[in-house]
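Below is one structure, written out as structure tokens; comments come after it.
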């Protein structure tokens, strides 16, 4: 399990999982009913008001948000808060 402490960590997990499962961003955006731009912003860790508030609440309450990776997604390390996510391209 990975403990997520920030929007950036959540975005990194979303992006790494999507690329490990070889799902193009455009396809995933269509699958969940959002735009590729919105998906990209989430993957980059750009905090919307709701996501930022979620992590603020979790921190104040002493709670951790954890995720289990699906089968086929290898181990990953989360970026530190100062780094930007690396760019990767999914090839079908």
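A full extension of the chain between residue 27 and residue 76 corresponds to an added length of 15.4 nm, given 0.36 nm per residue minus the alpha carbon distance.
The list [x] 34, 25, 20; [y] 36, 29, 21; [z] 42, 27, 24 gives values of Cα extents along the principal axes in Å, and only one came from this structure; which label was calculated from it? Given [x] 34, 25, 20; [y] 36, 29, 21; [z] 42, 27, 24, the calculated one carries the label [z].
The sum of -39500 (n - 2.57) across all DSSP H runs of n ≥ 4, divided by the residue count of the chain, sets its helix-only mean residue ellipticity at 222 nm to -14000 deg cm²/dmol. Does region 1-53 come out rounded, prolate or oblate, given a ≥ b ≥ c as the square roots of the eigenvalues of its C-alpha gyration tensor, rounded meaning a/c under 1.5 and, failing that, prolate meaning a/b above b/c? Here region 1-53 falls in the oblate category. Measuring between their Cα centroids, region 61-81 and region 21-40 lie 20 Å from each other.
Throughout, read-outs are computed from the coordinates displayed, never taken from laboratory work. Predicted model, so just to flag it, every value in this text is computed and none were measured.
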